[in-house]
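Since the structure comes first, as structure tokens, the remarks are kept for the end.
The values are calculated or read from the model by the stated rules, or taken from the named source; none is laboratory data. Source: prediction; values computed, not measured. For neighbour counting, all protein chains shown are included, and Cβ atoms are generated from backbone atoms with ideal geometry for every residue, glycine included.
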Amino acid sequence: MVLKFNDHLLPALPIMEDLPLDRIVGITSTIPIEIVFAAGYIPIDLNNIFICDRHAYKMVEDAESAGLPRNTCAWIKGIFSAVRKYHIQKVVSVIQGDCSNNQALMEVFQSEGIETIPFAYPHSNADQRFLHNQLLSLADNLEVDYSRAEEMKERLDAIRAKVHEIDRLTWVANTVTSEENHIWTVSTSDLMGDYNVFEERAARFLKLVQGREFIQHDLRIGVVGIPPICEDLYPFLSSIGAHVVFNEIQRQFSMPYPTKTLIEQYSRYTYPYDIFSRVEDIQQAIPQRGIKGLIHYVQSFCHRHIHDRIIRKHIQLPILTLDCDRPGSLDGAMKTRIEAFIEMLKYHESETPVESGRR
Ligand code: SF4
């Protein structure tokens, strides 16, 4: 398994069996975890514990055996099985701004006696009143004073700053690998349930990479779209000379913008809103990070696949759309397509005069 969260260099995946069940709040996507932590609960991103499970593939099959349709996204099936496997009793479901499947999944959980708390992002990030009401409602549901969540934001901002530095070292200093970047940024959705341990590990990681050699690579690329379900995409890209210097959505999980309030923070977070704020973010990253091509990762059976057309229309770079269904390794056909794409970009690079010296 490629997501070795328990590697001493990486965030610590929580040992679920050791956690007090009545304090766990499963989350189906990034939500304001400041509120969850402030209420004394342990947020656990169900996507993370699913994909890091040694039996992730079987968890998808188990969900199908339990009646979830085969032509549903594997992340949804993995979340379903993670809740069952770890007997999670309380789940915050993002019913607007993430995935239309979550509404039905929430109802499945309700039918099984699991407490569910709906959370909805507004349709537009300009609708701050709607967002504020949702934040207050979540705080009410978890019985915590909202002002304590704003205080928690300050604490988590300091921790997220360490991840922003890890991200910066990926594209400025070239001392953090694509895969490490992916794992650190994707883990910020729940800070692995323990922000103190997460911070301590991040500080240790930053210290370790100080003495590292630069990563040698032939090409800088970006991966946009939801975090890939396939386990070996990043090592494979590294093995063929491609350094991923931008993981779009994972970076968004880390709340990359300086903000003063939770409303501001969750309004600037691009993932739940329309594709155009995402396109703007990608457009800024391309010249800043010296990106020469993009892989647009799309999940089989996901409505977000439709965005591919808009991304291609607005981003003036070669784009490879990669579609995966289940956890596991890239198959031969996928590897061939990726290799051909990277070779094409390298060829194009060798034919193009170097402008900035950033290679
Ligand atoms: S990949 Fe798409 S379909 Fe699957 S959970 Fe995420 S948003 Fe929903």
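Given the criterion of a type in the set (Ser, Thr, Tyr), buried (at least 19 other Cβ atoms within 10 Å of the Cβ) and touching a strand residue (DSSP E or B) at 6+ places or on another chain (Cβ under 6 Å), identify the matching residue among Tyr234, Tyr273, Tyr297.
Tyr297
Looking at the stretch 300-325, which of the residues that are outside any helix (DSSP H, G or I) and within 16 Å of the ligand (Cβ to nearest atom) is nearest to Thr72 (Cα to Cα)? Please lay out each step first, then the result.
Taking the stretch 300-325 as the starting set, the residues that turn out to be outside any helix (DSSP H, G or I) are 300-302, 315-325.
Filter once more, so that each one left must be within 16 Å of the ligand (Cβ to nearest atom): 300-302, 321-325.
On the way: Ser300: 8, Phe301: 6, Cys302: 8, Thr321: 19, Leu322: 18, Asp323: 14, Cys324: 12, Asp325: 9 Å.
Of everything passing the filter in the stretch 300-325, Phe301 is nearest to Thr72 (Cα to Cα).
Within the stretch 91-116, which residues are within 15 Å of the ligand (Cβ to nearest atom) and polar (S, T, N, Q)?
Ser93, Gln96, Ser100, Asn101, Asn102, Gln103
Within the stretch 56-77, work out how many residues are more than 12 Å from the ligand (Cβ to nearest atom), closer than 14 Å to Ala104 by Cβ and part of a helix (DSSP H, G or I).
So the answer is 1.
Let me confirm something: among Asn71, Asn48, which residue is crowded, with 20+ Cβ neighbours inside 10 Å and of a type outside the set (Lys, Arg)? Before you say what the answer is, go through the steps one by one.
Details: Asn71 fails: crowded, with 20+ Cβ neighbours inside 10 Å.
Exactly one of Asn71, Asn48 is crowded, with 20+ Cβ neighbours inside 10 Å and of a type outside the set (Lys, Arg), namely Asn48.
Exactly one of these conditions fails for His123: (1) touching a strand residue (DSSP E or B) at 6+ places or on another chain (Cβ under 8 Å); (2) outside the structural domain of Ile51 (by TED's automatic domain parsing); (3) under 23 Å from Tyr271 (Cβ atoms); (4) not in a helix (DSSP H, G or I). Give me its number.
That leaves (2) as the condition not met.
Residues in the stretch 326-334: is at least one surrounded by 15 or more Cβ atoms within 10 Å (Cβ to Cβ), modelled with pLDDT of 95 or more and in a helix (DSSP H, G or I)?
Scanning the stretch 326-334, I find at least one residue that is surrounded by 15 or more Cβ atoms within 10 Å (Cβ to Cβ), modelled with pLDDT of 95 or more and in a helix (DSSP H, G or I), so the answer is yes.
Search the stretch 38-52 for residues being in contact with a Gly (Cβ under 9 Å, 6 or more places away or on another chain) and not in a helix (DSSP H, G or I), and hand back the single one that is farthest from the ligand (Cβ to nearest atom). Give the derivation first.
Of all residues in the stretch 38-52, those in contact with a Gly (Cβ under 9 Å, 6 or more places away or on another chain) come to 42-47, 49-51.
From what's left, not in a helix (DSSP H, G or I): 42-45.
Working: Ile42: 22, Pro43: 18, Ile44: 16, Asp45: 12 Å.
The residue in question is Ile42.
Please find, within the stretch 269-294, the residue that is farthest from the ligand (Cβ to nearest atom) out of those that are assigned to a helix (DSSP H, G or I) and aliphatic (A, V, I, L, M). Reasoning before the result, please.
Step one: of the stretch 269-294, the residues assigned to a helix (DSSP H, G or I) are 275-289.
Of the ones still in play, those that are also aliphatic (A, V, I, L, M) are 275, 279, 282, 285-286.
Values: Ile275: 13, Val279: 17, Ile282: 18, Ala285: 21, Ile286: 24 Å.
This residue is Ile286.
Can Pro32 be described as modelled with pLDDT of 95 or more and not polar (S, T, N, Q)?
Answer is yes for this residue.
Looking only at residues in the stretch 148-164 that are hydrophobic (A, V, I, L, M, F, W, C) and surrounded by fewer than 18 Cβ atoms within 10 Å (Cβ to Cβ), which one is farthest from Ala38 (Cα to Cα)?
My answer is Ala161.
Could you identify the single residue in Tyr347, Tyr266, Tyr297 that is within 16 Å of the ligand (Cβ to nearest atom) and either assigned to a helix (DSSP H, G or I) or in contact (Cβ under 8 Å) with a residue 12 or more places away in the chain (or both)?
Tyr297
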